[in-house]
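In what follows, a structure is listed as structure tokens, so that the remarks can point back to it.
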Amino acid sequence: MNTKRILIIGGPGTGKSTLISALEENGHTCFHEISREVTAAAQKKGIEQLFLTQPLLFSELLLKGRIQQFQDAEQLRVPFAFYDRGIPDVAAYMDYTGDTYPDLFRDACKSHKYDVAFMLAPWKEIYEQDNERYESFEQALKIQQYLIAAYENYGYQLIDVPFGTVDERISFILNTLTQ
């Protein structure tokens with residue numbers, strides 16, 4: 001059985017992690033967002049916002065972790081593996097900040113292709129800032145545009161997930177996958 005790699009993407013605060021957690025609670029294999037882990041590890045070392053102070057290092061750590069998640073799915077024997085963000089997110093965020101990055105980022109986006117990408121739109125009613133999510137809602141809207149551009153640049157046909165309850169959004173995703 002070839003496991004299909006399913007992305008759940010979108011700007012900050014769109015409900016991705018909530019959906020991933022709910023999918024996992026329903027028995028699906030899920031790979032969680034790793035940027036919070038990278039940020040928390042840096043904070044333990046006294047670096048408050050690694051993404052802001054050393055964006056290339058932060059992005060290299062994300063890229064490495066997301067490639068590992070992609071490779072981890074090769075051993076799975078399940079119909080779907082869900083990902084909270086994908087490899088092209090790293091390039092999109094670097095584009096958003098205007099930072100330059102080596103070609104290995106683009107190469108990784110081209111050589112590690114996911115099967116389906118679901119896009120969650122920014123949702124003001126659920127948006128919250130916290131210690132790891134420093135972006136304002138207005139910044140989240142801009143980031144969303146960079147994500148769309150990056151994924152479309154790498155050939156993805158994004159499927160927009162409508163606003164709704166967690167269960168409604170999961171039903172939409174699963175129904176789309178089984179059609």
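Computed from the coordinates by the stated procedures, all read-outs in this text should not be read as laboratory data. Owing to the predicted nature of the structure, the values given are computational and were not obtained by experimental measurement. Note that each Cβ is placed from the backbone with ideal geometry, even for glycine, and that neighbours are counted across all protein chains shown.
Would you pull out the residues with amide H under 5 Å of G10's amide H, same chain only if 5 or more places away, H placed 1.01 Å from N?
Amide H to amide H, under 5 Å and 5 or more residues apart or across chains, G10 pairs with L120.
In what sequence do S17, S136, S35 fall when counting other Cβ within 10 Å, fewest first?
Listed from fewest to most nearby Cβ atoms, that is S136, S17, S35.
Build a GNM of the chain with springs between Cα atoms under 10 Å: which of T29, T165, T18 gets the top mean-square fluctuation?
Highest fluctuation among the options: T165.
Let me know the whole percent of all Cα-Cα pairs from the chain that are separated by more than 22 Å.
Of the Cα pairs, 43 percent sit more than 22 Å apart.
Taking the chain as the reference, fit the longest principal axis to its C-alpha atoms, fit the long axis of helix 35-44 to the helix C-alpha atoms, and give the angle between the two in degrees, 0 to 90, nearest 10.
With both axes taken from Cα atoms, the answer is about 40 degrees.
In terms of the Cα gyration tensor, with a ≥ b ≥ c the square roots of its eigenvalues, is the range 89-179 rounded because a/c is under 1.5, prolate because a/b exceeds b/c, or oblate?
Taking the square roots of the gyration eigenvalues as a ≥ b ≥ c, the range 89-179 is oblate.
Please give the charge dipole size of the chain, origin at the Cα centre, charges +1 on K and R Cβ atoms and -1 on D and E Cβ atoms. Round to the nearest 20 debye.
In debye, rounded to 20, the chain gives about 380.
What full-extension length gain, to one decimal in nm, is calculated for F163 and E48 as 0.36 nm per residue of separation minus the Cα-Cα distance?
Length gained between F163 and E48: 38.1 nm.
Mind telling me which of F82, F31, F58 comes out most flexible in a GNM of the chain, alpha-carbon contacts under 10 Å?
Largest GNM mean-square fluctuation: F58.
Which entries of K16/K113; K4/K142; K45/K124; K113/K142 have Cα-Cα distances beyond 31 Å here?
K45/K124
Computed FRET efficiency, Cβ-Cβ of E37 and I126, R0 22 Å: what is it to the nearest 0.05?
Efficiency, rounded to the nearest 0.05: 0.50.
Work through the residues other than C30 whose Cβ is under 12 Å from its Cβ and net out their charges, Lys, Arg +1 and Asp, Glu -1.
That sum, taken over residues with Cβ under 12 Å, equals -2.
With 10 angstrom as the radius, rank V161, V90, V116, V166 by how many other C-beta atoms surround their C-beta, starting from the fewest.
V166, V116, V161, V90
Which longest run of the chain has no exposed loop site in it, a site being GluC sites (Glu not before Pro) in a DSSP loop with at most 15 other beta carbons within 10 Å, and the site itself not part of the run?
No qualifying site falls inside 49-127, the longest such stretch.
Counting other beta carbons within 10 Å of each Cβ, put K44, K110, K4 in order, fewest first.
The order, fewest Cβ neighbours first, is K44, K110, K4.
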